[in-house]
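Peer 1: Quick one: the structure is below, and I'll ask about it shortly.
The values are calculated or read from the model by the stated rules, or taken from the named source; none is laboratory data. Not measured: the values here are computed from a predicted model. Cβ: placed from backbone, ideal geometry, glycine included. Neighbour counts: every protein chain shown. Heads up: the accessible areas ignore ligands, DNA and RNA and are worked out on the full protein's heavy atoms, side chains in. Shrake-Rupley method; radii C 1.70, N 1.55, O 1.52, S 1.80 Å.
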Amino acid sequence: MKNRRWLIYGANGYTGELIAREAWKRGLDPVLAGRSEAKLLPLARELDCECRFFALDDPTLSVRHLRDIALVLNCAGPFSATSGLLIEACLLSKTHYLDITGEIDVFEYAYEQHKLARNADIILCPGVGFDVLATDCVAACLKAALPDADQLALGFDSSSKLSPGTAKTVIEGLAQGGKIRRDGQIVTVPLAFASRRVDFGNGEKDALTIPWGDIASGYRTTGIANIETYIPSSASMLKILKNLNYLRPLLGWRWVQGVLQRQLSSRLRGPNEEHRRQWPAFVWGEVRNAAGATKTARIRTANGYDVTVFGALAVVQQLLHEPPPGGSYTPSQLMGAEFIATLPGSSALLIG
């Protein structure tokens, strides 16, 4: 039966495995999938889950593996290499598509497929993990609080370690420069383009702009034409990023990215359960209208990786039981603006 069968692609990665283990605890019976049988088979045997091994470069093979699957949750990053291929396969197999990306181009591509998804009666919703679920809900709440806002700033503060997949995505993003949305258009700017003081919810800190998925999803959710995204930064990090602007052409070479990604992947493991408990995340947003009126929102959440597990599985369960009409969605459009506040470890979302 297709109507309740679902698949985690990239289940052998750090976050994919966290989601697979929590899904097993809940009795959600996922199919585990990925490219490497050697990496995936031990987890599938431990959890007694069905597993499938396939790369995404053969569309016919991907579609064949998805014909009996109602929903795919893509956890295989960098998503620039996997999302487009999986979305195309899902459109052909009429399978809902979710992922946990924070990559701007992935969001833009998914939103461009809205009509095709509507015609296929499937949901395309990237960003159902911490990136960008939390900030997208904050953006939606702020838009409701100040409907005529024309500027939106979003950000988060987390001391959590990076997983190998997240580190690979960060390295890939450095070569593309910074991104902001200005007058409705996505604009490339230097790394660390702007800085300001921000209280994310745990004290005021220096912060700088980063090219985050909300540059795409925040516009889709709110219609606000000017968007920037921020994280805390030390003076030394600000200096490093500004100097990297001179090396961006070099960072764009595929072999350079490959070397950097392999080196980081060999050193990173992602935070263990104890560290995740000790390192919550703090999410902040601010809107401003033409008259200068502002509204600010803050929420403390569980560690970002735990938010990804809880959030992604909540969306999976929602779509398997009560999917809305087909099309491309942001997380808050799919689950509601207050969704982040309902997840384990979240405080109330405060707007002032």
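Peer 1: So which residues in segment 50-70 are assigned to a helix (DSSP H, G or I), touching a residue at least 12 places away in the same chain (Cβ under 8 Å) and not β-branched (Val, Ile, Thr)?
Peer 2: PRO59, SER62, HIS65, LEU66
Peer 1: Scan segment 160-178 residue by residue and report those that are farther than 28 Å from GLU274 by Cα, out of contact with any Gly (no Cβ under 6 Å at 6 or more places or on another chain) and either outside any strand (DSSP E or B) or modelled with pLDDT under 75 (or both).
Peer 2: Once the filter is applied, which keeps residues that are farther than 28 Å from GLU274 by Cα, out of contact with any Gly (no Cβ under 6 Å at 6 or more places or on another chain) and either outside any strand (DSSP E or B) or modelled with pLDDT under 75 (or both), segment 160-178 yields GLU172, GLY173, LEU174, GLN176, GLY177.
Peer 1: Of all residues in segment 202-234, how many are open to solvent by 40 Å² or more (accessible area, probe 1.4 Å) and more than 25 Å from SER328 (Cα to Cα)?
Peer 2: The total comes to 6.
Peer 1: Out of the residues in segment 280-304 that are open to solvent by less than 40 Å² (accessible area, probe 1.4 Å) and hydroxyl-bearing (Ser, Thr, Tyr), state the one that is farthest from GLY352 (Cα to Cα).
Peer 2: Applying the filter and picking the extreme gives THR301.
Peer 1: Tell me, which residue of segment 18-58 that is touching a helix residue (DSSP H, G or I) at 6+ places or on another chain (Cβ under 6 Å) and open to solvent by 50 Å² or more (accessible area, probe 1.4 Å) is nearest to THR95 (Cα to Cα)?
Peer 2: So the residue we want is PHE53.
Peer 1: Any idea how many residues of segment 324-342 are in contact with a helix residue (DSSP H, G or I) (Cβ under 7 Å, 6 or more places away or on another chain), crowded, with 19+ Cβ neighbours inside 10 Å and within 20 Å of GLY213 (Cβ to Cβ)?
Peer 2: Matching residues across segment 324-342 total 10.
Peer 1: Now a separate question. Give me the residue from segment 1-49 that is in contact with a Gly (Cβ under 7 Å, 6 or more places away or on another chain) and part of a loop (DSSP other than H, G, I, E, B) and, out of that set, nearest to PRO271 (Cα to Cα).
Peer 2: GLY13
Peer 1: With the checklist (1) within 22 Å of GLU273 (Cα to Cα); (2) at pLDDT 95 or above; (3) touching a Lys or Arg at 6+ places or on another chain (Cβ under 6 Å) in hand, flag the one item HIS65 doesn't pass.
Peer 2: (1)
Conditions tested, residue by residue: (1) closer than 30 Å to LEU18 by Cα; (2) at pLDDT 90 or above; (3) in a helix (DSSP H, G or I).
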{"residue": "ALA225", "(1), (2), (3)": "no, yes, no"}
{"residue": "TYR230", "(1), (2), (3)": "yes, yes, no"}
{"residue": "ARG248", "(1), (2), (3)": "no, no, yes"}
{"residue": "GLN257", "(1), (2), (3)": "yes, no, yes"}
{"residue": "GLU286", "(1), (2), (3)": "no, yes, no"}
{"residue": "TYR305", "(1), (2), (3)": "yes, yes, yes"}
{"residue": "ALA312", "(1), (2), (3)": "yes, yes, yes"}
{"residue": "LEU320", "(1), (2), (3)": "yes, yes, yes"}
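Peer 1: Right, something else. For segment 80-137, which positions are charged (D, E, K, R) and surrounded by 24 or more Cβ atoms within 10 Å (Cβ to Cβ)?
Peer 2: Residues satisfying the conditions are ASP99, GLU103, ASP131, ASP136.
Peer 1: Looking for whichever is in contact with a strand residue (DSSP E or B) (Cβ under 6 Å, 6 or more places away or on another chain), at pLDDT 95 or above and under 24 Å from GLU103 (Cβ atoms) here; the options are LEU343, LEU349, LEU334. Which one fits?
Peer 2: Sole residue among the options that is in contact with a strand residue (DSSP E or B) (Cβ under 6 Å, 6 or more places away or on another chain), at pLDDT 95 or above and under 24 Å from GLU103 (Cβ atoms): LEU334.
Peer 1: Tell me, please, whether a residue that is among the small types (Gly, Ala, Ser) and over 19 Å from the mean Cα position of the chain (by Cα) can be found in segment 96-114.
Peer 2: no
Peer 1: Starting from segment 179-193, take each residue that is at pLDDT 90 or above and list its partners that are acidic (Asp, Glu) and open to solvent by less than 70 Å² (accessible area, probe 1.4 Å), counting only C-beta distances under 7 angstrom and pairs at least six apart or across chains.
Peer 2: ILE180/GLU228
Peer 1: Let me ask you something else. The conditions are (1) within 17 Å of the chain's Cα centre (by Cα); (2) surrounded by fewer than 15 Cβ atoms within 10 Å (Cβ to Cβ), and GLY311 fails exactly one of them. Which is it?
Peer 2: (2)
Peer 1: Mind checking whether some residue in segment 271-279 is open to solvent by less than 70 Å² (accessible area, probe 1.4 Å), in contact with a strand residue (DSSP E or B) (Cβ under 8 Å, 6 or more places away or on another chain) and at pLDDT below 95?
Peer 2: Yes; the residues of segment 271-279 include at least one that is open to solvent by less than 70 Å² (accessible area, probe 1.4 Å), in contact with a strand residue (DSSP E or B) (Cβ under 8 Å, 6 or more places away or on another chain) and at pLDDT below 95.
Peer 1: Here is a follow-up. Among the residues of segment 37-72, count how many are among the hydroxyl-bearing types (Ser, Thr, Tyr) and under 25 Å from the mean Cα position of the chain (by Cα).
Peer 2: Looking only at that region, the number is 1.
Peer 1: Taking segment 26-58 only, how many residues are of a type outside the set (Gly, Ala, Ser) and closer than 17 Å to LEU320 by Cβ?
Peer 2: The total comes to 8.
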